[in-house]
Every structure is written in C-alpha cells, then in structure tokens.
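Working notes, structure below.
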Amino acid sequence: MRQSLKARSGKFWMNLNPLVALGSIHINRGLLKQFVLRSFQERHKGSLLGVTWSILLPVMMMGLYTLVFGFIFGSTYNVIPSENKTDFGLGIFLSLTLFSLVADSMAVAPGTILNYPNFVRKVVFPLEVLPVATFGATLINFLISIGLFVIGLVFIGRGLSMTALWFPLIVFPMLLMALGIHWFFSALGVFLRDISQFMVFLTQALLYASAIFYSTTKVKGTNLEFLLPFLEMNPIVRAVETSRNVMLWHIPAQIGDLLFLYAVGIACFCIGFACFQQLKPAFSDVV
C-alpha cells in the first residue's frame, strides 16, 4: 500500500514537469489535430450557417458593444484623457475575448471526458488529448475574434502601433492557464457531476471580478478601493488591462505584470496536467 502511494506521489511530481505535458501533446499531435477539427465542427453542428457563425457572431457583438457602450452610454475606462466612443466598445470586445479563453474552458471542461465514455474504456487511448482538443476549438474561435478585433481597431479605432507586439506575450500565459484549468476540471467533472452546474455561477462571478466593463483606475479613490489587492491578484485582470493598454492606447506592458502572468500560467498548466494524470486511472471505474 505504501509503495503504491509512493509510486502515485512520484508520478504526480514527475507530471508537474511542463516538458511531460508538452511531450504528450507533441506525440499525439496527429490525433489532436483530428479531434480539434471535430470538436470545432460539433459546436456548430445542425445550425443553418454552420461555422460561419464563428465569424458572424463576433462581428455582430463588436458592433453591438461599440454602439451601446460607446455611443449610447458613452462609457470610458478612464485610462487616458483622450478616450473616444469606440474605445470602450472595442475594449469590451477585446476583454471578453480574452476572458472567454478561461470561461469557456471552465464551462465545457466538466463534461469533456464524460462525453467520450468509449475512449475512457480503451486502455491505450491518451485521454489527456480530449481536453486539449476541446480547448483547441475554443482557441480557433479566439483567434477569429482577435482577427476581427484587429480589423475593427484599424478601421474604427486608433490603429495599430509597435506596442501591439506585446500582445502575443500576454496571450501565451493565458493559453497555458486556460489549458491547465481545462485539464483540472475535466478530471474533476468525472467524479463530481454537479460541478458543471456550479460553473455557471463561477464564470459569471469571475466575469464581474475581471475588469471587463471597468478598469481598476475607476476603483481607486472609491469606497471599493479595499478590493484592489484582490482584483490585482486575478491574472485575468492583469491580462485584460495590459492587453487594452497595448492594443487600444499604445501603452507598453509592464514587466511585473508579464512575470505574474507567466508564473500563474505555468503553475496552472503544470498542476492541471498533473492532477489529470493522477486521476485518470480511476476514470473507467466511474464513467
């Protein structure tokens, strides 16, 4: 019994090595490509326009945000004095696009393994591929939305500048964090079926705690200033505000924010994969 526990503990610490997770993704890249395309197509299966919605819906949402929040409400983030009406609409679209990386992973992850019971019973099938494939479909939608945001930024916003080169460095740790979260909750969802219901509340709460519709500068000097330390501990807040700065207002990223994002992203990636691998042997007993 002790030897079994030691062996499991040793495997857990070994799986914390990010190279192990990356190695698994690389080895199964052919299989992963097939499942990513399958997962992406299944999201739009049965709809009249199919995958066209992946482009049409973000365009409609960007127009709606710009019209309602920018021109009707005239809201601002109060980051720079010269903010215009389109900044807020584009800022919300960019913020929600980044937020969706994590929110979609949290929402979809609990049912990822449960949706493929036949694969769970196959001893040689690499189950860790399934969460990556589902996340891959989310990533495709993310890239489409970012492409549309850049087009909107060029034609109705302030345009691009050299500070946009910071953006990929901001997104990468977000991808690591979102994938780690996906691995963790997809494993946990096998044993705790009610977690998918709780995710509805959790993602909604996270939405309001992630500075999507406001900036932390608006919190300063108010009765809610005591919340600032908690907001700054949220990596989504750091990613969202830094992304808005570099894309909308051409303000360079702060190295401290990037270091924080990479620390959280790598930690989530490693812990999520290690937890998934630790729980994987028991999936077949539950599914």
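The values are calculated or read from the model by the stated rules, or taken from the named source; none is laboratory data. If you're wondering where the values come from, they're calculated on a predicted model, not measured in any experiment. Here Cβ is always computed from backbone atoms with ideal geometry, including for glycine, and neighbour counts include all displayed protein chains.
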>> Quick check on I55: is it out of contact with any Lys or Arg (no Cβ under 6 Å at 6 or more places or on another chain), modelled with pLDDT of 80 or more and within 29 Å of G265 (Cα to Cα)?
In response: no
> Which of the residues that make up segment 152-183 are β-branched (V, I, T) and in contact with a helix residue (DSSP H, G or I) (Cβ under 9 Å, 6 or more places away or on another chain)?
Replying inline: I156, T163, I170, V171, I181
> Out of (1) modelled with pLDDT of 70 or more; (2) among the hydroxyl-bearing types (S, T, Y); (3) assigned to a loop (DSSP other than H, G, I, E, B), the odd one out for T86 is which?
Replying inline: (3)
>> For segment 221-260, give me each residue that is in a loop (DSSP other than H, G, I, E, B) and of a type in the set (G, A, S).
In response: G221, A253
>> Anything in segment 103-119 that is surrounded by 23 or more Cβ atoms within 10 Å (Cβ to Cβ) and within 12 Å of the chain's Cα centre (by Cα)? List them, or say none.
In response: S105, V108, A109
>> For the list (1) in a loop (DSSP other than H, G, I, E, B); (2) under 14 Å from the mean Cα position of the chain (by Cα), I need the number of the one condition that F184 fails.
In response: (1)
> Does at least one position in segment 191-198 carry a residue that is crowded, with 16+ Cβ neighbours inside 10 Å and either more than 12 Å from A109 (Cα to Cα) or touching a Ser or Thr at 6+ places or on another chain (Cβ under 7 Å) (or both)?
Replying inline: no
> Does segment 155-167 contain any residue that is surrounded by fewer than 16 Cβ atoms within 10 Å (Cβ to Cβ), under 27 Å from P81 (Cα atoms) and of a type in the set (F, W, Y)?
Replying inline: yes
> Out of all the residues in segment 270-286, is one or more under 20 Å from S75 (Cβ atoms) and not charged (D, E, K, R)?
Replying inline: no
> Can you pull out the residues in segment 195-219 that are within 18 Å of N78 (Cβ to Cβ), in contact (Cβ under 8 Å) with a residue 40 or more places away in the chain and assigned to a helix (DSSP H, G or I)?
Replying inline: T217, K218
> Of the residues F135, F125, F149, which is under 26 Å from L31 (Cα atoms) and assigned to a helix (DSSP H, G or I)?
Replying inline: F135
> Is it fair to say L127 is touching a Cys at 6+ places or on another chain (Cβ under 9 Å), crowded, with 17+ Cβ neighbours inside 10 Å and not acidic (D, E)?
Replying inline: no
> Scanning for something within 15 Å of the chain's Cα centre (by Cα) and in a helix (DSSP H, G or I), does segment 159-166 turn up at least one residue?
Replying inline: no
>> When you scan segment 209-216, do you find a residue that is aliphatic (A, V, I, L, M), crowded, with 22+ Cβ neighbours inside 10 Å and touching a Phe, Trp or Tyr at 6+ places or on another chain (Cβ under 7 Å), even just one?
In response: no
